[in-house]
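Student: Structure provided below as structure tokens; questions to follow.
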Amino acid sequence: MKVIINRKEFEAELAATKAAEEFKALLPLTFEMEDMNGNEKCRYLSKKLTEDSKAAGRVEKGDIMLYGRSCIVIFYKSFDTTYSYTRIGRIINPEELEKAAGRWDAEVTFRE
């Protein structure tokens, strides 16, 4: 899967979850993702996906997660958390992710 954030392209791999399969079926998707907490971009989908959330403990830069049943989140910083997420995938080489994401909302495209 490709994830394009503010015109910077990243390779990503999907997780082996039902939600990841359902998300892949929605591709391609392009939309604005809201910056949240200075460490993630998020967007509520119009479709609900299968939730199988687990306490993350820690999220890593590049993780693509589902919060609840419809909120897609891309983390551009690593940190400890008490929140639970369903894994969608991860950006394989997230070194430039924080720079590409910027500090404000971002245009993001997900495609195969």
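The values are calculated or read from the model by the stated rules, or taken from the named source; none is laboratory data. Predicted, not measured: the structure shown is a model, and the values here were computed from it. For neighbour counting, all protein chains shown are included, and Cβ atoms are generated from backbone atoms with ideal geometry for every residue, glycine included. Ligands, DNA and RNA are stripped out before the accessible areas are found, and what is left, the full protein with its side chains, is counted by its heavy atoms. Shrake-Rupley method; radii C 1.70, N 1.55, O 1.52, S 1.80 Å.
Student: Using Cα pairs closer than 8 Å and at least 6 residues apart in sequence, work out the relative contact order for the chain, in percent. Mind dumping the intermediate values first?
Tutor: Numbers: 262 pairs, mean separation 44.2, N = 112.
With pairs under 8 Å counted, the relative contact order is 39 percent.
Student: Considering the zone a paramagnetic label at Glu13 would reach in this model (a point 7 Å from Cα along the Cα-to-Cβ line), which residues of region 59-99 have amide N under 15 Å from it?
Tutor: Counting backbone N atoms under 15 Å from the label point, the list is 62-64, 88-94.
Student: While we're here: Between Ser53 and Glu32, 0.36 nm times their residue separation minus their Cα-Cα distance comes to what?
Tutor: Answer, rounded to one decimal: 5.1 nm.
Student: Hey, another quick one. Residue separation times 0.36 nm, minus the C-alpha to C-alpha distance between Glu95 and Tyr44: what's the value?
Tutor: 15.8 nm
Student: Could you work out [θ]222 nm for the chain from helices alone, using -39500 (n - 2.57) per DSSP H run of at least four and dividing by all its residues? Round to the nearest 500 deg cm²/dmol.
Tutor: The helix contribution divided over the chain gives -3000 deg cm²/dmol.
Student: For the chain, what does the accessible surface come to per residue with a 1.4 Å probe? Please give it in Å².
Tutor: I get 56 Å² per residue for this part.
Student: What is the local net charge at Leu49, summed over the other residues whose Cβ is closer than 14 Å to its Cβ (Lys, Arg +1; Asp, Glu -1)?
Tutor: Taking every other residue near Leu49 into account, the sum is +3.
Student: Still on this structure, I have one more. Students often forget the sequence filter, so: which lysines lie under 16 Å Cα-Cα from Lys54 once same-chain residues fewer than 8 apart are removed?
Tutor: Lys18
Student: Now for a separate question. Give me the percent of accessible area attributable to carbon and sulfur for the chain, probe 1.4 angstrom.
Tutor: Solvent-exposed carbon and sulfur of the chain make up 45 percent of the total.
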